[in-house]
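What follows is one structure encoded as structure tokens, with my remarks underneath.
The values are calculated or read from the model by the stated rules, or taken from the named source; none is laboratory data. Nothing here was measured: the structure is a model prediction, and the numbers come from that model. Please note: Cβ atoms are built from the backbone with ideal geometry, for glycine as well, and neighbour counts cover all protein chains shown. These accessible areas exclude ligands, DNA and RNA; they are computed on the full protein's heavy atoms, side chains included. Shrake-Rupley method; radii C 1.70, N 1.55, O 1.52, S 1.80 Å.
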Amino acid sequence: GKIINASFTRSHGASPSSCILTAVPSPSFTPKIGRLVISYGPNIMTFPSAAVESTTLNVTDAGHLLTVKILDRRWAWAYGEISADFNTRDHREQIISDNRANALQMSEELLKAMGEDENTIVNDMPEDVFPEAHWRVENPARALESLCQSLGCRIILGLDNRVRIRRLNQGSQLPKQNIINEQYGFKSP
């Protein structure tokens, strides 16, 4: 149906970004997994494997309106599990050699368990840190987010659809514009 209103909240971390659309209901609308494309002016953002999380039919003075919440592909990260031990310490606090792994290797294992072992950039994860971890039927995305937070890093799904792990407070400065929050909209007659 015709879109009346839309908002998009982009987020970092293991939780998906979300798009909320308000539209005139269409009898052909079927919630499914697909590509979400947002265009504004010359800019186009594409989110493959997005999923409809919820739909709500609202009855208003203006008629029936459908509200649809769509999540980027990180919705799938809520599923899956990992059971593993890394960097178990002995009574002298020395790492037992059979499960030794640095933070970079641990993040690669977690990404693999999330189905993200290809096309990722994780070189900001430290190779000289060996955190102890004991995961039992743990969600790999939550485990990765916890590992990243403990090391001053963040999971980012880029607009190019690549997963990156980046150190906090690194990269380019934010633009020095007065705009903090842009909103565009219109009211139908």
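Summary of values
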| read-out | value |
| --- | --- |
| Subset of the range 120-152 [outside any strand (DSSP E or B) and aliphatic (A, V, I, L, M)] | Val122, Met125, Val129, Ala141, Ala143, Leu144, Leu147, Leu151 |
| Residue that is modelled with the lowest pLDDT [pool: residues in the range 142-171 that are open to solvent by 90 Å² or more (accessible area, probe 1.4 Å) and polar (S, T, N, Q)] | Gln170 |
| Cβ-Cβ under 9 Å pairs, at least 6 apart or on other chains, the range 48-66 side within 27 Å of Ser17 (Cα to Cα), far side of a type in the set (Asp, Glu) | Pro48/Asp72; Ser49/Asp72; Ala50/Asp72; Ala51/Asp72 |
| Hits in the range 124-162 - residues which are among the aliphatic types (A, V, I, L, M) and farther than 17 Å from Trp75 by Cβ | Met125, Val129, Ala133, Val137, Ala143, Leu147, Leu151, Leu159 |
| Selected residue (criterion: least open to solvent (accessible area, probe 1.4 Å)) from residues of the range 52-69 that are within 15 Å of Ala6 (Cβ to Cβ) and in contact with a Pro (Cβ under 8 Å, 6 or more places away or on another chain) | Val68 |
| Enumeration of residues in the range 14-45 that are open to solvent by 50 Å² or more (accessible area, probe 1.4 Å) and free of Cβ contacts under 8 Å to residues at least 24 places away in the same chain | Pro27, Ser28, Thr30, Lys32, Ile33, Arg35, Val37, Ser39, Gly41, Pro42, Asn43, Ile44 |
| Any hit, the range 50-73, residues being under 19 Å from the mean Cα position of the chain (by Cα), among the polar types (S, T, N, Q) and not in a strand (DSSP E or B) | no |
| Selection status of His12, under 17 Å from Leu144 (Cα atoms) and assigned to a loop (DSSP other than H, G, I, E, B) | yes |
| Criterion violated by Asn58 - all others in (1) of a type in the set (S, T, N, Q); (2) over 23 Å from Ser150 (Cα atoms); (3) in contact with a Lys or Arg (Cβ under 7 Å, 6 or more places away or on another chain) satisfied | (3) |
| Considering residues of the range 107-119 that are part of a loop (DSSP other than H, G, I, E, B) and open to solvent by less than 30 Å² (accessible area, probe 1.4 Å) only, the residue modelled with the lowest pLDDT | Glu116 |
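Condition check ((1) under 20 Å from His12 (Cα atoms); (2) in contact (Cβ under 8 Å) with a residue 24 or more places away in the chain; (3) crowded, with 16+ Cβ neighbours inside 10 Å) across all residues:
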{"residue": "Ala78", "(1), (2), (3)": "yes, yes, no"}
{"residue": "His91", "(1), (2), (3)": "no, no, no"}
{"residue": "Gln105", "(1), (2), (3)": "no, no, no"}
{"residue": "Ile121", "(1), (2), (3)": "yes, yes, no"}
{"residue": "Met125", "(1), (2), (3)": "yes, yes, yes"}
{"residue": "Val129", "(1), (2), (3)": "no, yes, no"}
{"residue": "His134", "(1), (2), (3)": "no, yes, no"}
{"residue": "Pro140", "(1), (2), (3)": "yes, yes, yes"}
{"residue": "Gln173", "(1), (2), (3)": "yes, no, no"}
